[in-house]
Amino acid sequence: MRRALAAALALVLGASGASAQTMRPFSTYRQWHGETSTVARLDFAAGALRLAAGRPNELYRMDVLYDGERYEPVSDFDAARGNVTLGLRAAGDGGIRVVSKRQLGQTASVTFSPRSDLALAVALGAVDGDLDLGGLRLTSLDLEAGASRATVRFSQPNGARCRDAVLSSGAAELTVLGLGNSRCDRIAFEGGVGRVTLDFSGTWTSSSHVSVKMALGQVELRLPRQVGVRLTLDKFLATFEAEGLVRRGNAYVSPGYDQAARHLDIDITTAVGGVTLDWLE
Amino acid sequence: MRAPSRRLGVLALLALAVPRVAFAAPGLEPTGTHAAELVHAFWSLVPHIARSTTDPQQPHPTPQALPHAAEGEAPVPLDDLSKSTTIETELRKALRPHDGAIRVTIPNGTARLGDFSIGSNETVSGHLLVVRGTADVYGKLLGNLVTVEGDVVLHPGGVVSGDILTLGGEVRDEGGEIGGEVRTFRNASVLEAVVVPRPAPPSALETVFRRLAGAVGVFLTLGALGFGLVMFGRPNLEVVSDTVSHSFGRAFATGLLGQLLLLPTFGMLVVGLILSVVGIVLLPFAVVVYALLVIVAAVGGFLAVAHAMGETYTRRRLALGVMASPNSYRYLLVGLGALAAFWLAWSVFGWVPVAGDLIRGAAILVTWLLATTGFGAALLSRAGIRENFAGRLIPPEALTDEYLWATPQFGVTAAKRPGSRTPTRGL
């Protein structure tokens, strides 16, 4: 009886205890005026970030809900160079330290036009990120994930040829899905501590070279069977089982590597942790 | 006791499950164009709702040009809108009314108050600031556009060559062309609230009369309600009144607890009805009935306290040999008069420094104390149905000479008491 009463009381009092936060909504966008290429930089210190392909008639758009006491929105387009900077920057002397849950309650939704080539640089702090780059015309990607949990996905084939994708993380959990759709010639990942999952599924239209450097943590590779895989490993105290690969010199290769139309060459350097392989049918 | 306990337990369990149900809704995966559109649509919806609930008394200004600021006042350049929060700060400072008027200087531009539109054959050169109004663009604006507490509507064929910044508004692009960037702060506090001149404070005499009128009005209303209660529900009123007399401490404690549990009980009622599905239909009625019950218990209890006070006083007077008609109407009048005395004293002497506040505090304290006791007595006696706490079920050995001496055993008053309810008094 007492417990039930206490529970009901807690519910009633708790419902009224939810206080309104002083979060501020801000939106920005730019119409697409036939721009063929855009260099975009996105800085987001804390909160939840969603990035995706947007409307064709908008070069970019950002809808953000932010803590007005510590941050201010950034939206700056340099028409001469075609550069755009979006995100949130620290306001005043607050710094970019994450000091309250309110900042983690910040949200941002960013979209880019699927018509314009996009060279994208993203810097994340303490962020729960979901970046769907499928459907964009990505020419390069530079992602820095500080202490974030981010998922980068290529749900659709990249509309442009991507020179390179550089991913780095401090103490983060990073999942990259559908790298086969990325059409990137070179993919590099550099991580400190954490866990990274590189999923190479998707439609392979060209060969790719992948470099993975992980200090301490787990590297999970999901490899497609239709692509010839060659893997070299430099490890110190890391575990690795070359399941489905055969040793050739200093490297491991998948059966039929030489005959495969597309090649995936992976160099892994890891100190402590493990490397696991999963084969995708 | 078991059944209510079990019910309460089930209710609490269901109540605990509510948040889970609320959060179990499948989240939208904001990926792709549809998600972006959805987010955009949502953001567009919010200001519409907010605007519909704004103060209707907010004056809609007559469209006019804003005069230039006085010399020495800093102008607000609108050349670079990328630092939008800085612009917001500068505008907040510049748009502060001086002598009731807003003045601002926009270098290479103009400032307008109220709605403003650029015609389809019109071309406006320079930056444009629109304060508290909608900017409708049918023609061309060769510059940047800033609105404060107003929207921008870009109609088909309309052109804004530069950037757009809205502070407390939104941009509705209906097919126009925007050369630069669009930045939108849907909520902004650039303008100070309109200062409504306060009416002159009334004189001391006027204050006294107002307070007297207020106090008399309230107690006349209570008197009318009390008379109605005596007329139509005297047995219940008497039981509650007797509960106050005989169980004052318990009634006060119960009233205090009842006040504390009012909201939780209401919450449980609402949650229970919602969870029972069928009860959702009854929810509006239940809310109204609950509120009415609380009001009836509070007012009825207060009147019962007045009745008890009046009865005690009258009986003491009778005991002293003063001839008076001992009836509930008199009791009520006497009791209410005594309670009104505090407020009447405050009405008359409330203007006296310190003493006025003390009288007011005493009046509030006494009123709350008695109202709480009355509320508790109403709860204890179940609105006058239960006589356990009213001291009416007195065992024969408790019928002392003093009790019988102080209680009228004969006459109209004794005869009018319902025999079934007052076994000890009707004898």
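The values are calculated or read from the model by the stated rules, or taken from the named source; none is laboratory data. Keep in mind that what you see is a predicted model, and the values were worked out from it rather than measured. A quick note on method: Cβ atoms are made from the backbone with ideal geometry, for glycine too, and the neighbour counts reach across all protein chains shown.
Quick notes on this structure:
- Residue, surrounded by the fewest Cβ atoms within 10 Å (Cβ to Cβ), within the range B:142-182, restricted to residues that are touching a helix residue (DSSP H, G or I) at 6+ places or on another chain (Cβ under 6 Å) and within 10 Å of chain A (Cβ to nearest Cβ): B:Glu170
- Evaluated against (1) free of Cβ contacts under 8 Å to residues at least 12 places away in the same chain; (2) touching a Cys at 6+ places or on another chain (Cβ under 7 Å), A:Val246 falls short on exactly one condition, (2).
- Counting residues in the range A:135-156 that are more than 13 Å from the chain's Cα centre (by Cα), part of a strand (DSSP E or B) and among the β-branched types (Val, Ile, Thr) gives one or more.
- In summary, B:Leu320 fulfils each of the numbered conditions (1) at pLDDT below 90; (2) farther than 23 Å from B:His246 by Cβ; (3) away from chain A (no Cβ under 14 Å) with the single exception of condition (2).
- Output for the range B:309-344, where each listed residue is hydrophobic (A, V, I, L, M, F, W, C) and not in a helix (DSSP H, G or I): B:Leu320, B:Val322, B:Met323, B:Ala324
- Residue selected from the range A:153-179 under the condition crowded, with 23+ Cβ neighbours inside 10 Å and more than 22 Å from A:Thr270 (Cα to Cα), by the criterion farthest from the other protein chains (Cβ to nearest Cβ): A:Cys162
- Candidates B:Ser84, B:Ser120, filtered to the one that is within 14 Å of another protein chain (Cβ to nearest Cβ), among the polar types (S, T, N, Q) and touching a residue at least 24 places away in the same chain (Cβ under 8 Å): B:Ser84
- The residue that is nearest to B:Ser189 (Cα to Cα), counting only those in the range A:18-32 that are polar (S, T, N, Q) and facing another protein chain (nearest Cβ under 9 Å), is A:Ser27.
- Residues of the range A:33-73 that are closer than 13 Å to A:Ala91 by Cβ, buried (at least 22 other Cβ atoms within 10 Å of the Cβ) and at the interface with chain B (Cβ under 9 Å from one of its Cβ atoms): A:Pro73 alone.
- Check on B:Ser125, under 25 Å from B:Ala69 (Cα atoms), surrounded by fewer than 18 Cβ atoms within 10 Å (Cβ to Cβ) and among the small types (Gly, Ala, Ser): yes
- Residues that are touching a residue at least 40 places away in the same chain (Cβ under 8 Å) and not in a helix (DSSP H, G or I) do not occur anywhere in the range B:271-288.
- Considering only residues in the range B:333-355 that are under 24 Å from B:Gly374 (Cβ atoms) and touching a Phe, Trp or Tyr at 6+ places or on another chain (Cβ under 7 Å), the one that is surrounded by the most Cβ atoms within 10 Å (Cβ to Cβ) turns out to be B:Leu336.
- Residue match in the range B:389-406 (condition: touching a Leu at 6+ places or on another chain (Cβ under 7 Å), under 10 Å from B:Thr243 (Cα atoms) and modelled with pLDDT under 80): yes
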